[in-house]
C-alpha cells in the first residue's frame, strides 16, 4: 500500500507541475517528508492523505487508486 501511495503521490505532483518543496510548503511539512512519501518510506495517516490531496488538488481516493 505504501508503494501504491508513493507512486500516486509522485504522479499527481508531477502532473500538477509542483516540486517536492512546493508540496511540502502547502502541507506544512519538510521536503524530506514528501520525499519519504514518494519513496514509500513513510506510512501516511488518513490526515496526511487528506493534506497531500489538498496540496495536489486531487481526491484522497486518487492517492489509493490502482487504476491511475
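Of all residues in the range 52-68, those satisfying the criterion of being closer than 14 Å to residue 1 by Cβ and free of Cβ contacts under 8 Å to residues at least 24 places away in the same chain are 60, 61. State which residue pairs qualify: first residue surrounded by fewer than 16 Cβ atoms within 10 Å (Cβ to Cβ) and inside the range 11-30, second residue outside any helix (DSSP H, G or I) in any location, beta carbons under 7 Å apart, and separation of 6 or more residues or different chains. Partner pairs satisfying both residue conditions: 16/57.
Within the range 54-61, one or more residues are part of a loop (DSSP other than H, G, I, E, B) and closer than 14 Å to residue 10 by Cβ.
Could you list, in sequence order, all residues of the range 15-51 that are in a helix (DSSP H, G or I), out of contact with any helix residue (DSSP H, G or I) (no Cβ under 6 Å at 6 or more places or on another chain) and closer than 18 Å to residue 2 by Cα?
The first filter runs over the range 15-51 and keeps only residues in a helix (DSSP H, G or I), leaving 15-16, 20-27, 31-38, 46-51.
Then keep just the ones that are out of contact with any helix residue (DSSP H, G or I) (no Cβ under 6 Å at 6 or more places or on another chain); that gives 15, 22, 25, 32-33, 36, 46-48.
32, 33, 36, 46, 47, 48 - these are the residues of the range 15-51 that are in a helix (DSSP H, G or I), out of contact with any helix residue (DSSP H, G or I) (no Cβ under 6 Å at 6 or more places or on another chain) and closer than 18 Å to residue 2 by Cα.
The numbers here are math on the coordinates, done by the rules we state, and not lab data. Model, not experiment: these values are computed from the prediction. Backbone-built Cβ (ideal geometry, glycine too); neighbour counts: all protein chains shown.
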